[in-house]
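**Q** Dumping the structure here so I can ask a few things about it.
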Amino acid sequence: MTPKEYIALQKNSVDTFLDEYLLPETIKPESIHKAIRYSVFSGGKRFRAALCIAANEVFNGNFDKVLPVAAGIELIHTYSLIHDDLPCMDNDDLRRGKPTLHKVFGENIAVLAGDALNALAFDLVSRAEDTRLIQILAKAIGTEGMIGGQVADVESNGLTDIGEDDVKFIHMRKTAKLISASLEMGAVSAGISPDKLERIQEFGSLIGLAFQIVDDILDIESSNEILGKNVGSDEENDKATYPKVYGLDKSKSIATETVVKAKNIIGFLEEDTSILKDMAGFVINRVN
Ligand code: GRG
């Protein structure tokens, strides 16, 4: 199975699960339930959920136990995209090939939908009855994680003296932390040992960094049709990106080297980690 097929397979399970879990659009107040479903089912790849399930599988976990956790991670990810697109953040009007949530439902409902997804995500993760998973997720999205990265990102808009350390600081937090936490939560739920967990964390940080570097590159080289969002948005917002700091060619080689390093880190584990290595390869080869 190719990594793309593996991700599609897990997406199917996650989407079926979420469709049953999320309240129907007919429940009052209808607008918030419609808004949540509009965003959650707008065609995300479910890469983070697939990573969580893959790590769980590698360390012999339990699919039924990890599925709500993987689904919860996708709700956090969707929440971050909704808030990232708001006028007070990146002010984007296209996401996953559709108008952004605030364009359709208004800014107030978009903010509240993000907030609701946060609460729902923790409800789902708590179903595994393992407080370590809740702690990993909370830390990954807090001020030392995703939110910290987003703060540094918005504060760097328009600055001319952005350096290598600054852009790595942002990418490691706003994107890599949740990607690494997805793997970590899958592995911890499967009972991974602490020494192996360290390798999984490091692998996750590296592929998460590469994921955001590739995102920066696609924002320059892809098209609105393929990406489902407005390309050129980073340049328009004068954002801190790898191509801005290193140029396109060097950014591509850094992304490739980062993925090679990631694969080597898990290469010595006794378990069959081929699915994780394939997922690392997907990060480099993805087109959207
Ligand atoms: C949600 C805790 C929390 C905080 C909000 C707005 C914000 C703080 C953070 C923004 C972080 C962000 C949007 C980072 C970009 C990550 C990224 C590369 C997204 C694209 O991921 P894909 O390609 O998207 O997996 P799909 O659409 O496939 O799901």
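Laboratory data are not the source of any read-out in this text; all were calculated from the coordinates shown. Every value quoted in this text rests on a predicted model; they were computed, and no experiment measured them. Here Cβ is always computed from backbone atoms with ideal geometry, including for glycine, and neighbour counts include all displayed protein chains.
**Q** In a Debye calculation with equal point scatterers on the alpha-carbon sites of the stretch 1-75 and no solvent, what is log10 I(q)/I(0) at q = 0.13 Å⁻¹?
**A** -0.41
**Q** Now, a different point. Averaging sequence separations of C-alpha pairs under 8 Å and six or more residues apart, then dividing by the length of the chain, give the relative contact order as a whole percent.
**A** Details: 448 pairs, mean separation 59.1, N = 288.
Relative contact order, the chain: 21 percent.
**Q** Moving on. Would you kindly state how much longer the chain becomes between Asp123 and Glu235 on full extension, computed as 0.36 nm times their sequence separation minus their alpha carbon distance, in nm to one decimal? List each step's numbers first, then the result.
**A** Numbers: separation 112, 0.36 × 112 = 40.32 nm, distance 3.75 nm.
Result for the pair: 36.6 nm of gain on full extension.
**Q** Same structure again: Once you've got the Cα coordinates, tell me which of Lys28/Lys229; Lys65/Lys277; Lys177/Lys252; Lys103/Lys252; Lys28/Lys177; Lys45/Lys261 are over 28 Å apart.
**A** Details: Lys28/Lys229 31 Å; Lys65/Lys277 23 Å; Lys177/Lys252 21 Å; Lys103/Lys252 33 Å; Lys28/Lys177 35 Å; Lys45/Lys261 24 Å.
Long pairs (Cα-Cα over 28 Å): Lys28/Lys229; Lys103/Lys252; Lys28/Lys177.
**Q** Which whole-Hz couplings ³J(HN,Hα) result when phi for each residue of the stretch 233-247 is put into the Karplus expression 6.51 cos²θ - 1.76 cosθ + 1.60, θ = phi - 60°, listed in order with x for Gly and Pro?
**A** 5, 5, 5, 4, 8, 6, 8, 7, 10, 5, x, 5, 7, 10, x
**Q** Report, in debye and to the nearest 20, how large the dipole of the stretch 132-288 comes out about its Cα centre when Lys and Arg carry +1 and Asp and Glu carry -1 on their Cβ. Walk me through the numbers before you get to the answer.
**A** Numbers: 17 positive and 26 negative charges, 93 e Å.
Here the stretch 132-288 has a charge dipole of around 440 debye.
**Q** Oh, and also: Could you go through the stretch 200-207 in sequence order and give the Karplus-derived ³J(HN,Hα) for each residue, using 6.51 cos²θ - 1.76 cosθ + 1.60 with θ = phi - 60°, rounded to whole Hz, and x for Gly and Pro?
**A** Ordered by residue, 3J(HN,Hα) equals 5, 4, 5, 4, x, 4, 5, 5 Hz.
**Q** Sticking with this structure for a sec: So how far, in whole Å, is the C-alpha centre of the stretch 164-214 from the one of the stretch 77-152?
**A** Centre-to-centre distance over Cα atoms comes out at 18 Å.
**Q** Using label points projected 7 Å from each Cα along Cα→Cβ, tell me how many nm separate Ile226 and Glu144, to one decimal.
**A** It is 3.8 nm.
**Q** If you don't mind, there's one more thing I want to ask. Scaled to the compact-protein estimate 2.2 N^0.38 Å, what is the alpha-carbon radius of gyration of the chain, rounded to two decimal places?
**A** Numbers: Rg = 18.0 Å, N = 288, 2.2 N^0.38 = 18.9 Å.
Compactness ratio reported: 0.95.
**Q** Go through the stretch 1-50 and name the GluC sites (Glu not before Pro) that are in a DSSP coil and have 16 or fewer other Cβ atoms within 10 Å of their Cβ. If you can, show how the numbers build up before the last one.
**A** On the way: sites: Glu5, Glu20, Glu25, Glu30; in loops: Glu25.
Answer by residue number: Glu25.
**Q** Further question on the same structure: Which whole-angstrom value gives the distance between the alpha carbon centres of the stretch 1-29 and the stretch 261-282?
**A** 26 Å
**Q** For a Förster distance of 45 Å, can you work out the FRET efficiency between the beta-carbons of Thr26 and Asn60, rounded to the nearest 0.05?
**A** Values: r = 41 Å, r/R0 = 0.91.
Computed FRET efficiency for Thr26 and Asn60 comes out at 0.65.
**Q** May I pose another question? Across every pair of different alpha-carbon atoms, what Kirkwood hydrodynamic radius in Å does the stretch 149-250 reach? Don't jump to the answer; show the numbers that get you there.
**A** Working: mean 1/r = 0.0682 Å⁻¹.
In the stretch 149-250 this quantity evaluates to 14.7 Å.
**Q** Still on this structure, I have one more. In debye, nearest 20: dipole of the stretch 207-249 around its Cα centre with unit charges on the Cβ of K, R (+) and D, E (-)? Mind dumping the intermediate values first?
**A** Values: 3 positive and 10 negative charges, 26 e Å.
Computed charge dipole of the stretch 207-249: roughly 120 debye.
**Q** Here is a further query. How much length is gained on full extension from Met89 to Glu5, taking 0.36 nm per residue of separation minus their Cα-Cα distance?
**A** Numbers: separation 84, 0.36 × 84 = 30.24 nm, distance 3.34 nm.
Roughly 26.9 nm would be gained on extension.
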